[in-house]
Each structure stands twice: as C-alpha cells, then as structure tokens.
C-alpha cells in the first residue's frame, strides 16, 4: 500500500521477467560508430543518458530501465516504495541453497548536479571521444558499477552457472543526498531482513595507478553549525563582545586544526585521506545591513572523522573551542554519524578471503583504505553486516562529482570481467557457522 515517509510499512511490487521484452542490447544505439561498439558499452551509455540528477532525479526512467534489465536477465524484480517518490528495486538470482546468507550488490541510481558550462560535452549525452573515454555524470559514481553488475550476471547465467548463495542486485535512491529516504530507511525494513544478507559490495573510488582500491570502513560525516551571539550596535563604533569577534576565534580554531591534519597527511607516507580528519568551512551567515553590527553570526563546517578517532573526545574539543571563543556560543548538528564499524580484512575472515583470493588469482594488487567520504555502506555496516566499497576502476583519475567526469570504455569492460570472477567466489563461500 502507499504510505508516507514516516510509516513503518511500504508498498512492495513484484515483477516477473517477460521473455518477450526489449532487446538485451538495451537500445539507445545511434549512428554507425555506436553500432560497432560493444553492446555492454551501448547499454552503459544509455543508462548515463537518464537524468537521475538532483534536485529532481527521474527515478521513474531508471526503474523502467531496470525492469528491462530484469527481463534481459530473466530474473524477478521487486520494487519497494519507502516513501512517496522514493522507490528502490531488487533483482534476485536465487542460489541453489537459498538458506545460506546472500550476497548483496548495491548501487545507487541518483547522480549529483552538473555545471554544464565547465563540461566539454553535454553531461547527459554520454559522448565517447576518439580515445574511447565516455563522458557523463555518473560514469564513475556509480552507473558504471550498476551496468557491470548486470552484465556480469548476464554472462554468468548465459554460461549456465549456478552458485549456492543467492545474489541480490539492489538499486537505491537518494544516496547523493544522504540516503535518508533510501538505504538508511531500508535497513530497518522487514524487506531488508528478508534478503538474508551475509556480505555486501557497494561503491568505491577510482585509483590513478595500477592497483584497485578497496574500502573497509568510512569516516563519520559531521555537519555542524556554530552560532555566535554578540553585542549589536552601530557600524561606526568599537563595540565590545561582537558576534564577529567570536566567529573569528571559532573559525581560527577549526581551521588551525584543519592545518594540523593536513600536515599530518602530507608528511606521512603511511596515511591516506581516510585516515585523517578533514574540516572545511562551507557556509557563513549573519548581518542585516552595512552599518549594523549583527547580534548573531553563524558558521558551518563539514567534518569527516576516521573510525580510529574517539568521537566523544572530539566533541569535547569542539566544546572547548566554543568556550574559549566567548560566552553564549552554541552549536547544532545537521548530520552526526557515530557508527565506526569496519569490515574485517583479515585472511581468517571467509568473505575477505574469497574477495582477496580472486584478485590474487588474477594477479591484481589491492590497496585497502578507509573511504574518505560517505556511502550507503555505512548503513549496512551499522546493522552488523560486512560491506566492502569497490569500483573496478584503475589507471583512472578520481572524478566523482567533478567536471568532465569520464571513464574509459576499456576500463569499464574490464570491470565486467572482474565481477565475472568475483561473484562466483563470493556466492560460493562455504556454509559458515550458524548457517543451514
């Protein structure tokens, strides 16, 4: 049934595959050049052209596309509406032993806005240049991974493969705006519990060098606004105890700490961005007129805190900065994540062993890191499930959210092959203690 966002129930729709549906090539092929390209690349470019961009993402178009993919795979697709206008989709490939914990392949449908004047091509035209680079919002974050999942499963099914564990392909909304009406709600839902998940894959980042990067944890995002009250007055006077003076001290405290962390990162060969705390001032508000000293000024910071940092001690430090800056200063959080769970990357862990052994077999090196930003993996880990962030993009600049985001078609195609090797390994992990 249809429900509001605050309801604990959702509308669930199950669609069975239609073998007489649209072509497996996915359509969207234009011109002689595209007719000659790999069908998986054509499908990728078609998906890129769907404008699932905030603030008004066309999720209906994405869901229609995914329905076709379910038909192509000859697998059922279930849609779950978490709240009005926010629906996720799950394509399920049932294993030979459904009682075993399943493998989740998660991806998000939405993409961030673009500043078109800064792009070489239309950000939603999926232009492929002479070098085979495909330009478009979402090429790296993360429509490539969505199609790689689908194409890897399609190839494995075409080979007649079956595996003990069920594989779920899940496509969620609103990851780029915090996941509050997507994964954050869904992990608390009975439909999520019914998936019987044992291990999850989600998005990662490109690596400009030869190795692939894998992420086993994330920094906690804190979005904080500090309110600095002060004495108002005429702009011609030396008024004491002004909001601006307090604001100045607050900004200095936060940015001095920022500089310390930046120095720590730049002087250590062992640290990555995910190992330090980043602080960035993002908004300043206050004032009503040129000649009026304001009674309050506010400043907002985006803070990302590694799982190795004691969050209680860090907040106490913020409280000290506020106290030192003057009387009456308060702060409030727009976002304050506190889950610091990390996924095991020990060789004794059966999921990590299956994951890492696949790359050893392919003679591909891995670099393990803490994810510097935030993904839906944090909600999966928060309910006690292991999750690895991984996007098979190496020898590729990191361009998520950037102008001229692109991905080489050869890197994209190789990523499908990687998942063709990885999925059988994960879906064939032997029964674990407590499993039937």
Those residues of the range 355-379 which are within 23 Å of the chain's Cα centre (by Cα) and closer than 20 Å to residue 163 by Cα amount to 355, 356, 359
Mind listing whichever residues of the range 91-111 are touching a helix residue (DSSP H, G or I) at 6+ places or on another chain (Cβ under 8 Å), closer than 24 Å to residue 174 by Cα and part of a strand (DSSP E or B)?
91, 103, 104, 105, 106, 107, 108, 111
Exclusive hit being surrounded by fewer than 20 Cβ atoms within 10 Å (Cβ to Cβ), at pLDDT 95 or above and either under 27 Å from the mean Cα position of the chain (by Cα) or not assigned by TED's automatic domain parsing to the domain that holds residue 92 (or both), set 247, 205, 273, 201
273
Kindly list the number of the only condition in (1) in contact with a helix residue (DSSP H, G or I) (Cβ under 6 Å, 6 or more places away or on another chain); (2) crowded, with 20+ Cβ neighbours inside 10 Å; (3) modelled with pLDDT under 95; (4) under 30 Å from residue 436 (Cα atoms) that fails for residue 80.
(3)
Residue pairs, Cβ under 7 Å, 6 or more apart or interchain, first in the range 257-285 and more than 16 Å from residue 247 (Cβ to Cβ), second exposed (fewer than 14 other Cβ atoms within 10 Å of the Cβ) and modelled with pLDDT of 95 or more. List them.
271/264; 276/264
Looking at (1) surrounded by fewer than 19 Cβ atoms within 10 Å (Cβ to Cβ); (2) in a loop (DSSP other than H, G, I, E, B), which is the one condition that is false for residue 375?
(1)
The listed residue being outside any helix (DSSP H, G or I), touching a residue at least 24 places away in the same chain (Cβ under 8 Å) and either in contact with a helix residue (DSSP H, G or I) (Cβ under 6 Å, 6 or more places away or on another chain) or in the same structural domain as residue 199 (by TED's automatic domain parsing) (or both), out of 303, 364, 370
370
Give the residues of the range 138-183 that are in a loop (DSSP other than H, G, I, E, B), in contact with a helix residue (DSSP H, G or I) (Cβ under 7 Å, 6 or more places away or on another chain) and either on the phi > 0 side of the Ramachandran plot or crowded, with 23+ Cβ neighbours inside 10 Å (or both), sorted by residue number.
138, 139, 165, 173, 179, 182
Single residue of 87, 69 found to be touching a residue at least 24 places away in the same chain (Cβ under 8 Å), assigned to a strand (DSSP E or B) and assigned by TED's automatic domain parsing to the domain that holds residue 414:
87
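The values are calculated or read from the model by the stated rules, or taken from the named source; none is laboratory data. What you see is a predicted model; the values in this text were computed from it and never measured. In this analysis, Cβ positions are derived from the backbone assuming ideal geometry, glycine residues included, and neighbour counts consider all displayed protein chains.
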